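Visitor: Structure provided below as structure tokens; questions to follow.
The values are calculated or read from the model by the stated rules, or taken from the named source; none is laboratory data. Remember, predicted model here, so these are calculated numbers, not experimental data. Note that each Cβ is placed from the backbone with ideal geometry, even for glycine, and that neighbours are counted across all protein chains shown.
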């Protein structure tokens, strides 16, 4: 069965650079979530989209932005990267109100040096 | 607002012994409850979920959890652990329309 695909799996950037993380949800899933997991931390909710519209916003820095495209894939754009942005970034997708869980991708490990 | 409390940050247990990882939640609406496992340097894998129906939920790898509405708990149990169960376990809650909120996680250490 198709799963949530995230790319790249690993990314190394320098401070003040920009990074773009991509997420391809499971086909026919209408909701996408982004989470950030710092070292030894629990996943923190960043932002979500339902049917290509932003549906909820968590602790996402102003330097970050995200969008969901017409094909339902989503991108998380991160600018002016800081050392503290080094983390594992997860994307998840689900079908809203369908009594199912969210399925998580394998994550993108971002290292800022 | 929803929240999840995992009462133990680390749980050491001997191999083949039983284990219980505790989770309490708070929510003002109907909840969906989940346990996810994260092995070192890997992503989040769903162990089990409670959406409705029977309060005893069985998951993968021999794990089970019981939804207790009166105690607002969703503790995870396994009768006999294996060294391969060494991982971080996250309890999570959702109302179905909203984001999933994770607990702080419990690190399960299996002792030989």
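Visitor: Name the residue that is modelled with the highest pLDDT, counting only residues in segment A:101-113 that are more than 13 Å from residue B:99 (Cα to Cα) and part of a loop (DSSP other than H, G, I, E, B).
Guide: A:113
Results for (1) modelled with pLDDT under 95; (2) within 11 Å of chain B (Cβ to nearest Cβ); (3) surrounded by 16 or more Cβ atoms within 10 Å (Cβ to Cβ), shown as yes or no for each residue.
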{"position": "A:46", "(1), (2), (3)": "no, yes, yes"}
{"position": "A:63", "(1), (2), (3)": "no, no, no"}
{"position": "A:77", "(1), (2), (3)": "no, no, no"}
{"position": "A:81", "(1), (2), (3)": "no, no, yes"}
{"position": "A:88", "(1), (2), (3)": "no, yes, yes"}
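Visitor: Check segment B:93-100 and report whether any residue there is in contact with a helix residue (DSSP H, G or I) (Cβ under 8 Å, 6 or more places away or on another chain) and either surrounded by fewer than 13 Cβ atoms within 10 Å (Cβ to Cβ) or in contact (Cβ under 8 Å) with a residue 12 or more places away in the chain (or both).
Guide: no
Visitor: Shifting gears a bit: Within segment B:22-56, track down each residue that is over 26 Å from residue A:34 (Cβ atoms) and touching a strand residue (DSSP E or B) at 6+ places or on another chain (Cβ under 6 Å).
Guide: Across segment B:22-56, the qualifying residues are B:22, B:24, B:55, B:56.
Visitor: Answer with yes or no whether residue B:84 is within 11 Å of chain A (Cβ to nearest Cβ), in contact with a strand residue (DSSP E or B) (Cβ under 9 Å, 6 or more places away or on another chain) and not in a strand (DSSP E or B).
Guide: Spelling it out, it is not the case that residue B:84 is within 11 Å of chain A (Cβ to nearest Cβ), in contact with a strand residue (DSSP E or B) (Cβ under 9 Å, 6 or more places away or on another chain) and not in a strand (DSSP E or B).
Visitor: Right, next: Going by the structure shown, is residue B:72 touching a residue at least 12 places away in the same chain (Cβ under 8 Å), in contact with a strand residue (DSSP E or B) (Cβ under 9 Å, 6 or more places away or on another chain) and at positive phi?
Guide: Yes: the conditions hold for residue B:72.
Visitor: Considering B:2, B:6, which residue is within 12 Å of chain A (Cβ to nearest Cβ), at negative phi and buried (at least 19 other Cβ atoms within 10 Å of the Cβ)?
Guide: B:6
Conditions (1) in contact with a helix residue (DSSP H, G or I) (Cβ under 7 Å, 6 or more places away or on another chain); (2) over 22 Å from residue B:102 (Cβ atoms), marked per residue:
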| residue | (1), (2) |
| --- | --- |
| A:3 | no, no |
| A:15 | yes, yes |
| A:23 | no, no |
| A:34 | no, no |
| A:53 | no, yes |
| A:72 | no, yes |
| A:83 | no, yes |
| A:92 | no, no |
| A:96 | no, no |
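Visitor: Now for a different question. Among the residues of segment B:73-89, is there at least one that is exposed (fewer than 13 other Cβ atoms within 10 Å of the Cβ) and closer than 27 Å to residue A:58 by Cα?
Guide: Within segment B:73-89 (the criterion being exposed (fewer than 13 other Cβ atoms within 10 Å of the Cβ) and closer than 27 Å to residue A:58 by Cα), the answer is no, since none of the residues qualifies.
Visitor: Could I ask something else about it? Restricting attention to segment B:87-112, which residues are within 24 Å of residue A:39 (Cα to Cα) and assigned to a loop (DSSP other than H, G, I, E, B)?
Guide: B:99, B:100, B:103, B:104, B:105
Visitor: So, one more: Are there any pairs, at least 6 apart or on different chains, whose C-beta atoms fall under 9 Å, with the first in segment B:29-50 and within 10 Å of chain A (Cβ to nearest Cβ) and the second loosely packed, with under 13 Cβ neighbours inside 10 Å, and if so, which?
Guide: If the second residue must be loosely packed, with under 13 Cβ neighbours inside 10 Å, the pairs left are B:32/A:99; B:32/B:52; B:45/B:60; B:46/B:60; B:48/B:58; B:48/B:60.
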